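All remarks here apply to the structure that follows.
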Amino acid sequence: MFKIFIIEDDKKLSALLSQNLEKWNFITKEVEDFSNIINEFINYDPNLVLLDINLPAFDGFYWCSKIREISKVPVIFISSRNSNMDIIMAINMGGDDFIQKPLSTEILIAKINALLRRTYSYHDTQTNVIEYNGIVLDMKDNILIYKDEKIELTKNEYKILYVLIKNNNKIVLRDDIMRVLWEDESFVDDNTLTVNINRLRKKLEEYGIKDVIKTKKGQGYILS
């Protein structure tokens, strides 16, 4: 079943949308923290987004552009604003469609189904990102995104960070990391891993990400 992420400030409307969509066998999630929309989006990994323009702090245009930095997932704007400029802005920011409030459930469902058919027939819409405490790892381009900064990573830096984030709640053994980096750790000097870890730590600190990789003596590493 398709998952839909609802970014709507009107709680009653948001709940109504969720209720109606679930009747049509969609799985829904309503945004919980309007200051943390991207992290919620990444963790939920939806197939489609319903996005209002008028939101707390940043508007829907802003959040659509942030979503477009990491995903091609279809976005439908839903708004009481209906000027030509609003519609043009919505499309220019990466929106796929625009529906004016008050919403017709029948029209909304028809547009959602049509957009899902077109999108998932021809495109891969996976987000290709993983996230940990505001650190977003783009698995397609091997870059790290943190506070709107794009940080280039070497092949080994990317692999180290990837395996640590994928196992963020447990210690990753040094041998396991070395297998990821070099396939057979028996032919690699143990100090080489330490050098790579230290380089990654230094790069992260340059962008304000401090003390995120903790050493567990005699075992390996864990994210703090």
- [ ] May I ask you to verify whether T127 is hydroxyl-bearing (S, T, Y) and either at pLDDT 90 or above or part of a loop (DSSP other than H, G, I, E, B) (or both)?
- [x] yes
- [ ] Write out, first by first residue and then by second, each pair whose Cβ atoms fall under 6 Å of each other, whose residues are 6+ apart or on separate chains, and whose first residue, in the stretch 29-51, is in contact (Cβ under 8 Å) with a residue 12 or more places away in the chain while the second is of a type in the set (K, R).
- [x] I38/K66; Y44/K29; P46/K3; N47/K3
- [ ] State all residues of the stretch 87-96 that are crowded, with 18+ Cβ neighbours inside 10 Å and not hydrophobic (A, V, I, L, M, F, W, C); if no residue qualifies, say none.
- [x] G94, G95, D96
- [ ] Looking at (1) at pLDDT below 95; (2) in contact with a helix residue (DSSP H, G or I) (Cβ under 9 Å, 6 or more places away or on another chain), find the lone condition where I42 falls short.
- [x] (2)
Open item on the list: Being over 26 Å from the mean Cα position of the chain (by Cα), surrounded by 12 or more Cβ atoms within 10 Å (Cβ to Cβ) and at pLDDT below 90: is that true of V188 here?
Closed with: yes
Open item on the list: So G218 ticks every box in (1) closer than 29 Å to S71 by Cα; (2) in a loop (DSSP other than H, G, I, E, B) but one. Which box is left unticked?
Closed with: (1)
TODO: Could you figure out which of (1) in contact with a Phe, Trp or Tyr (Cβ under 8 Å, 6 or more places away or on another chain); (2) crowded, with 19+ Cβ neighbours inside 10 Å; (3) within 27 Å of I213 (Cβ to Cβ) isn't true of E149?
DONE: (2)
Task: Checking L103 against (1) under 20 Å from the mean Cα position of the chain (by Cα); (2) in contact (Cβ under 8 Å) with a residue 60 or more places away in the chain; (3) part of a loop (DSSP other than H, G, I, E, B), the condition it does not meet - done: (1)
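Is it true that K72 is touching a Ser or Thr at 6+ places or on another chain (Cβ under 8 Å) and surrounded by 15 or more Cβ atoms within 10 Å (Cβ to Cβ)? Spell out how you get there, then give the answer.
Details: touching a Ser or Thr at 6+ places or on another chain (Cβ under 8 Å): yes; surrounded by 15 or more Cβ atoms within 10 Å (Cβ to Cβ): yes.
For K72, the condition - touching a Ser or Thr at 6+ places or on another chain (Cβ under 8 Å) and surrounded by 15 or more Cβ atoms within 10 Å (Cβ to Cβ) - is met.
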TODO: Would you please name the residue that is surrounded by the fewest Cβ atoms within 10 Å (Cβ to Cβ), looking only at residues in the stretch 152-180 that are more than 11 Å from I197 (Cα to Cα) and of a type in the set (S, T, N, Q)?
DONE: N169
Task: Given (1) of a type outside the set (S, T, Y); (2) touching a strand residue (DSSP E or B) at 6+ places or on another chain (Cβ under 8 Å); (3) at pLDDT 90 or above, index of the condition A110 fails - done: (2)
Task: Wholly within the stretch 1-98, helices (runs of 4 or more DSSP H) carrying at least 1 residues that are among the basic types (K, R) and closer than 29 Å to K150 by Cβ - done: 60-68
- [ ] Test each condition in (1) touching a residue at least 24 places away in the same chain (Cβ under 8 Å); (2) charged (D, E, K, R); (3) closer than 30 Å to G60 by Cβ for R117 and report the one that comes out false.
- [x] (1)
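The values are calculated or read from the model by the stated rules, or taken from the named source; none is laboratory data. From a predicted model like this one, the values you see are computed outputs, not experimental measurements. A quick note on method: Cβ atoms are made from the backbone with ideal geometry, for glycine too, and the neighbour counts reach across all protein chains shown.
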